[in-house]
1. Going from most exposed to least, what order do His76, His28 have by accessible area with a 1.4 Å probe?
2. Restricting attention to the chain, which trypsin sites (Lys or Arg not before Pro) occupy a DSSP loop and are surrounded by at most 15 other Cβ atoms within 10 Å?
3. Angle check, please: helix 54-66 long axis (alpha carbons) against the longest principal axis of the chain (alpha carbons), in degrees 0 to 90, nearest 10.
4. Between the helical axis of 68-79 and the dominant principal axis of the chain, each derived from Cα atoms, what acute angle in degrees is found, rounded to the nearest 10?
5. Using a 1.4 Å probe and ignoring any ligands, DNA or RNA, find the accessible area of Leu57 and quote it in Å² to the nearest 10.
6. Find how much the distance from Met1 to Glu23 grows on full extension, using 0.36 nm per residue of separation minus their present alpha carbon separation; answer in nm with one decimal.
7. Extending each Cα 7 Å along its Cβ direction at Glu77 and Thr58, get the distance between those two points in nm, one decimal.
8. (i) 12.9, 39; (ii) 11.6, 34; (iii) 24.0, 68: which one is Rg and Dmax of the Cα atoms in Å as calculated from this entry?
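The values are calculated or read from the model by the stated rules, or taken from the named source; none is laboratory data. Small disclaimer: the values here were computed from a predicted structure and weren't measured. Neighbour counts run over all protein chains shown; Cβ positions are idealised from the backbone, glycine included. Calculation scope for accessible area: heavy atoms of the full protein, side chains included, ligands and nucleic acids excluded. Shrake-Rupley method; radii C 1.70, N 1.55, O 1.52, S 1.80 Å.
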Amino acid sequence: MPVVFRHNGARFHFFSNEGSPREPVHIHVLRGDCEAKLWVEPDVSVAESFGFTRRELTELTKIVLERRDEIIRAWHEHFG
């Protein structure tokens, strides 16, 4: 599971097997017992979430928007 970055105790990562056919670019976030999946393309949005509050999801969305280019670059480097 490639970790792209960590922020405030949350791990932003991909799974090595992201489906077949592969889903659009997205990032998984794990912090404690909370998990989320955010689409990165075409627009940043929450795909699913378990345990994060609405406020935390808003913050995660902002982080992904700020680091969107980095996430996309890491996705293409990992998946080719």
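1. Values: His76 95, His28 25 Å².
Highest to lowest solvent-accessible surface, that is His76, His28.
2. Working: sites: Arg6, Arg11, Arg22, Arg31, Lys37, Arg54, Arg55, Lys62, Arg67, Arg68, Arg73; in loops: Arg22, Arg67.
The qualifying sites are Arg22.
3. 40 degrees
4. For 68-79 against the chain, the angle is about 40 degrees.
5. In the full protein context, Leu57 sits at about 30 Å².
6. On the way: separation 22, 0.36 × 22 = 7.92 nm, distance 1.59 nm.
Extra length from Met1 to Glu23 when fully extended: 6.3 nm.
7. 3.3 nm
8. Looking at Rg and Dmax of the Cα atoms in Å for this model, the match is (ii).
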